[in-house]
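The values are calculated or read from the model by the stated rules, or taken from the named source; none is laboratory data. The shown structure was predicted, so the numbers you read here are calculated from the model rather than taken from an experiment. So basically every Cβ, Gly included, is an ideal-geometry build from the backbone, and we count neighbours across all protein chains shown. Each accessible area value is taken on the protein alone, full model and side chains, heavy atoms only, with ligands, DNA and RNA left out. Shrake-Rupley method; radii C 1.70, N 1.55, O 1.52, S 1.80 Å.
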Amino acid sequence: MEMLESPIRNYAWGSHTAIATLQGRPAPTPDPEAELWMGAHPTGPSRLGVSGASLADAIAADPVTLLGAANVERFGTRLPFLLKVLAAAQPLSLQAHPTLDRARAAHAAGHPSYVDAWHKPEMLVALTDFDALCGFRAPSAAAADLTALGVERLKPTIDALSQPDVATALHDAVRGLLSTPDADLVAEVVAAARPRAAERDAYALMVTLAEQYPGDTGVIVATLLNRVRLRPTEAVWMPAGNLHAYLRGVGVEIMAASDNVLRGGLTPKHVDVEELLHVLRFEVLDDPITRPAAASPGLFAYPIPIPDFTLHHAVLSADTQAVRLPGGGPRIVLCTRGSVRVDDGVVPVTLTQGQAAFAPAVRGELSVSGDGEVFQAATP
């Protein structure tokens, strides 16, 4: 195995303390630290600790050894997943990601919203209490919250949400709000919500989002989504077409390695309304929370119905036996607590919290021991 040196992305919504504290560095940091990237993504690849080479360059030089022949055949000479630690101190944009078929077709056609030909399903596992928006809630519930505000100019949105067909109701409400951005409407709605923020979660959310994104119609769109509060180890799974946004907290995120993002508000960046409407799944997500399943003593799995990646979580103590991490192919192991020895049978490494290491496909199953916790990202 090889230790990884991984880049940190300094986005404005990031935390001045979370990633630094995880890695044992002084905090607060001068700049906000939003994401720790572990992988071979071309815009921010990790580097191998011994040689200093980029993991992306190492894979390009010897793809079969590092990825395995089956993965090269399926995904090309690229690591198909990206592992992150995400630290949100402020709300992120509303966004969704395309299916693989849509990404391939749109990228081949030169569509400006597609920078590559890959999909980007993703899962976030909470390390701390984590606040997020994930998937649509029942349109009738959203209509009731908006109606109670008594804002006459919301009538077209409320009427759209009141249609009997759920997909039509959600589609028409989102289209109406995003197609005609109206900062005055947002200001009026937020003014009506502010004195009632203690009464309903949707009103408190509007006030909070408007503080960061004043006049952004996404403030209203956000009320159509499920408010999800994760406890540590709980997760949200966001397949293609799932409108979502992270609000606050620290988590481990795994995703297919792609930059295809279609935004739906809460951002100064471009919102491609027609393409977003094309990829969104206009359906109610009844239970957005994914919970880990016990795989063996000390080992937990997260069900992910795609071939791009798997995620396992091992919880270890000094008086328990070593835990074997299942799977082959390329693997990244991240320590999130304590100190853990990871043994690939050839070159074992010791990870402390905030450190990660890479195991190539030619290695067998990994064994972990010590007192701490690790996450393993792998291909199935």
Item to check | Exposure rule at most 15 other beta-carbon atoms within 10 Å, DSSP loop GluC sites (Glu not before Pro): the chain longest free segment | outcome: 1-198
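Going by a ≥ b ≥ c, the root eigenvalues of the Cα gyration tensor, does the range 1-152 fall in the rounded group (a/c under 1.5), the prolate group (a/b larger than b/c) or the oblate group?
Oblate, since a/c reaches 1.5 and b/c is not below a/b.
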Item to check | Between 0 and 90°, nearest 10: helix 201-212 axis offset from the chain longest Cα axis | outcome: 80 degrees
Item to check | Value in Å of the Kirkwood radius, where the range 15-69 supplies the Cα pairs that are averaged | outcome: 13.0 Å
Checklist entry - Using all Cα-Cα distances in the range 80-133, what percent lands in each 5 angstrom bin from 0 up to the longest? => result 4, 15, 20, 20, 16, 13, 8, 2, 0
Checklist entry - Roughly how many whole Å is it from the C-alpha centroid of the range 84-163 to that of the range 252-321? => result 14 Å
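Could you work out the helix-only [θ] at 222 nm for the chain, with each DSSP H run of four or more residues adding -39,500 (n - 2.57) and the total divided by the number of residues, to the nearest 500 deg cm²/dmol? Mind showing how you got there, number by number?
Working: 12 runs with 98 residues, N = 380.
My calculation for the chain gives -7000 deg cm²/dmol from helical runs alone.
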Checklist outcome for this item: Probe 1.4 Å, all chains present, heavy atoms only: D287 accessible area in Å², nearest 10, is 90 Å²
Item to check | Cα centre as origin, Lys/Arg/Asp/Glu Cβ charges: the chain dipole, Debye | outcome: 320 debye
Item to check | Reach of K269 by Cα under 14 Å, taken over aspartates and glutamates that are not fewer than 8 positions away in the same chain | outcome: D216
Item to check | Most fluctuating residue given options I332, I306, I19, as computed from a GNM of the chain linking Cα atoms under 10 Å | outcome: I306
Item to check | Among V315, G110, H278 - extreme Cα towards positive end, dipole of the chain, charges at beta-carbon | outcome: V315
Checklist entry - When the Cα atoms of the range 118-217 are enclosed in a convex hull and the volume is divided per residue, what value in Å³ results? => result 142 Å³
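Rg/Rh for the range 228-296 to two decimals, with Rh computed the Kirkwood way over all alpha-carbon pairs.
0.99
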Next on the checklist: Could you tell me the ratio Rg/Rh of the range 249-357? Both radii from Cα atoms, Rh via Kirkwood.
Outcome noted: 1.06
